[in-house]
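These notes are about the structure you will find just below.
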Amino acid sequence: MTSAVDHFTYGLLTPLLAYVMSCMGSMLGLRLTAQAHASRGGARVRWLLGAAVSIGGTGIWVMHFIAMMGFQVEGTQIKYDVWLTAASALVAIVVVGTGLFLVSYGGGRWPALLGGGLLTGLGVASMHYLGMYAMNMSAHVSYDRVLVGVSVAIAVVAATVALWFTTRVRKPIWITGAALVMGVAVAGMHYTGMYAMHVTVDPVTGEVPGADALDFLVPLMTVISLITLTMLLMVILSPSEEELSEDAELLAKLELRRRNAEQQQQLAAYPAPLAAPVPGRPQPMQGRQQAMQPMQDRRQPMQPMPPTQPAQPQPAPAPRQQPARSRGRRR
């Protein structure tokens, strides 16, 4: 017989909590991608891996199974296959990470964006229905194909928009708004896929294999949430993209000054050699020196005259002696 399916066993608690976790994972993932775009090399890869865990793990997978905590089917017990549930979490992280790497290293161009969005959307839809397949119950499950197609389309569009946000959104206010939109898209995809499911309980119910949600899902979701909070602290303590740009600009200026100083030291230590003279052709520097020579001559200061010696007094001339006249008589 067809059984009544209840998606809100605990009222609005599970959908609201699922939406909040989806927004938190999306917000952290967008913040991590902003850090990745401002980084290079291994640091960029690490930030993108963290964004994949945040968006795929917390924003999508944790949101999915928190919403599943409020799902019940009248007349049968629900348990979960451990390995399929863990595989669904891995699928969510891997497909989101693949889309992020495609868009990040593709330069945000439209072919990379559309291809990454298609791949990520199909992967998210696969995660959702793999998680649904991991449920064990004494019932037969069927799906409405139209609603399944709508849920897949929502997943592809939401993934494409989310990847576009990772290439454009940088400021905290826009990151917050984008995370709220992404949370609505993920929740819409989830509940659309849930409403596509029809459950027919078996006439004779038996023992259901698997693990209870409280025994398995709650510890796993707690671990992923703690990892998300750890990455959130890392983002808070790490410098922002603007600070990284300012530091890079300052380092570039310091490097330019250092190179200029080295060049000046080299020029001072090793002056440039003069060109070999060409016979019959005046050299530029020689002609310039010849042209400046008259100016230099005019600019030469006058040589000081030697100090004059005071005139020595001349001795008075000796009186001229008259020859003595002979006083003899005349003859």
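Roughly how compact is the stretch 1-95, stated as its Cα Rg over 2.2 N^0.38 Å to two decimals?
On the way: Rg = 16.8 Å, N = 95, 2.2 N^0.38 = 12.4 Å.
Rg over 2.2 N^0.38 Å, computed on Cα atoms: 1.35.
Classify the stretch 87-143 as rounded, prolate or oblate, taking a ≥ b ≥ c as the square roots of the eigenvalues of its Cα gyration tensor: rounded when a/c is under 1.5, otherwise prolate if a/b is larger than b/c and oblate if not. List each step's numbers first, then the result.
Values: a/c = 8.29, a/b = 2.78, b/c = 2.99.
In terms of gyration-tensor shape, oblate.
Give me the Å³ per residue figure for the convex hull around the C-alpha atoms of the stretch 46-115.
99
Where the centre of each part is set by its Cα atoms, how far does the stretch 1-67 sit from the stretch 175-204, in angstrom?
Centre-to-centre distance over Cα atoms comes out at 13 Å.
Over the Cα atoms of the stretch 69-218, each weighted equally, I'd like the Debye log10 I(q)/I(0) at q = 0.11 Å⁻¹, rounded to two decimals.
Once normalised to I(0) and log-transformed, intensities are -0.50.
Whose amide H sits under 5 Å from the amide H of TYR143, counting only residues 5 or more places off or on another chain, with H placed in the peptide plane?
Residues meeting the criterion, in which the H sits 1.01 Å from N, are HIS198.
For the stretch 1-160, what does the alpha-carbon gyration tensor say about shape, rounded, prolate or oblate, given a ≥ b ≥ c as the root eigenvalues, a/c under 1.5 as rounded, and a/b over b/c as prolate? Each step should come with its number before you reach the end.
Working: a/c = 2.42, a/b = 1.96, b/c = 1.24.
The shape class here is prolate.
Sorted by accessible area with a 1.4 angstrom probe, largest first, how do TYR191, TYR105, TYR143, TYR133 fall?
Working: TYR191 35, TYR105 120, TYR143 85, TYR133 160 Å².
In descending accessible area the options line up as TYR133, TYR105, TYR143, TYR191.
Quick check for you: with a 1.4 Å probe and neighbouring chains kept, what is the accessible area per residue of the stretch 48-150, in Å²?
40
Share of Cα-Cα pairs in the stretch 195-268 beyond 20 Å, in percent? Walk me through the numbers on the way to the answer.
Working: 1926 of 2701 pairs.
Pairs farther apart than 20 Å: 71 percent.
If you take the square roots of the eigenvalues of the alpha-carbon gyration tensor of the stretch 1-54 and sort them as a ≥ b ≥ c, do you get rounded (a/c under 1.5), prolate (a/b over b/c) or oblate? Let's see the in-between values first.
On the way: a/c = 6.74, a/b = 3.15, b/c = 2.14.
Because a/c hits 1.5 or more and a/b exceeds b/c, the stretch 1-54 counts as prolate.
The values are calculated or read from the model by the stated rules, or taken from the named source; none is laboratory data. Predicted model, so just to flag it, every value in this text is computed and none were measured. Accessible surface areas use protein heavy atoms only, side chains included; no ligands, DNA or RNA. Shrake-Rupley method; radii C 1.70, N 1.55, O 1.52, S 1.80 Å.
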